[in-house]
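The values are calculated or read from the model by the stated rules, or taken from the named source; none is laboratory data. A quick note: this is a predicted structure, and the numbers were derived from the prediction, not measured. With ideal geometry, Cβ positions are generated from the backbone for all residues, glycine too; neighbour counts draw on all protein chains shown.
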Amino acid sequence: MAENISSLLNALKRDQVIPDVIPKSFAPSVLFSIVYPRVETGLGEPEILRNHTLPEPTIKILSDGGEGDKSFTLVLTDPDAPSRADPKFGEWRHWIVTGVKLPEGNANARLTSTATTPYEPPAPPVGTGLHRYVFLLFEEPASFSIPKGAIEHIATSKGRRSWNAGAFAEKYGLKLVGANFFVTQSQV
């Protein structure tokens, strides 16, 4: 597992996910891949085709994620909206699911609640180059909930843009335990 963690951290740094989205102090304890019907990403996989990311993915736990009764929050964010050169709308919040349960061993995570922010597939604008799509897995505190009026419940474009995963985690006392990402771009 140490080799996989090292590979993941190197990829996160290579593509500047660390420090743009994730703090330099990040020490992952859960490894996972993102599984779409037509592609499964590795740890910090390079570019995948955007049309492969249209359906909602599942999350496959690669390390011994069995965490008993603990619950987790899964976030998908794009720090490069509308482009990496001009990220004025980044981070763009693509998905938040709370109450995620991790299985023992190598299996898919269980999504036990309706998404707080419904899944919005990657849709980088034409001509904006590669976008980083970052999946973050946070351990939830015992009494965690997102109030009904919170911005995370707003699924409009205006509600999703200029969001910050780090501020979200700090506000709700979430602990970052896992991350992964891929890059994609508009296909014309």
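Couple of notes before you dig in:
- Within segment 75-84, not a single residue is charged (D, E, K, R) and surrounded by fewer than 18 Cβ atoms within 10 Å (Cβ to Cβ).
- When the residues of segment 98-136 are filtered to those that are among the hydroxyl-bearing types (S, T, Y) and more than 18 Å from V21 (Cβ to Cβ), the one that is surrounded by the most Cβ atoms within 10 Å (Cβ to Cβ) is T98.
- Residue in segment 83-101 that is over 16 Å from the mean Cα position of the chain (by Cα) and part of a strand (DSSP E or B) present: no
- Residue count, segment 39-51 (criterion: farther than 13 Å from F135 by Cα and touching a Leu at 6+ places or on another chain (Cβ under 8 Å)): 2
- Considering residues of segment 25-49 that are within 20 Å of P79 (Cβ to Cβ), hydrophobic (A, V, I, L, M, F, W, C) and within 15 Å of the chain's Cα centre (by Cα) only, the residue surrounded by the most Cβ atoms within 10 Å (Cβ to Cβ): F32
- Hits in segment 124-164 (condition: under 20 Å from I5 (Cβ atoms) and either of a type in the set (F, W, Y) or out of contact with any Pro (no Cβ under 9 Å at 6 or more places or on another chain) (or both)): F135, L136, F138, E139
- Within segment 137-188, tally of residues that are surrounded by 14 or more Cβ atoms within 10 Å (Cβ to Cβ) and part of a strand (DSSP E or B): 12
- Top-ranked residue in segment 1-24 [being assigned to a helix (DSSP H, G or I), without any contact (Cβ under 8 Å) to a residue 24 or more places away in the chain and charged (D, E, K, R); ranked as surrounded by the most Cβ atoms within 10 Å (Cβ to Cβ)]: K13
- Flag if E56 is among the charged types (D, E, K, R), within 22 Å of P103 (Cα to Cα), modelled with pLDDT of 90 or more and surrounded by fewer than 17 Cβ atoms within 10 Å (Cβ to Cβ): yes
- Members of segment 112-137 found to be more than 14 Å from the chain's Cα centre (by Cα) and within 14 Å of I59 (Cα to Cα), listed by number: T112
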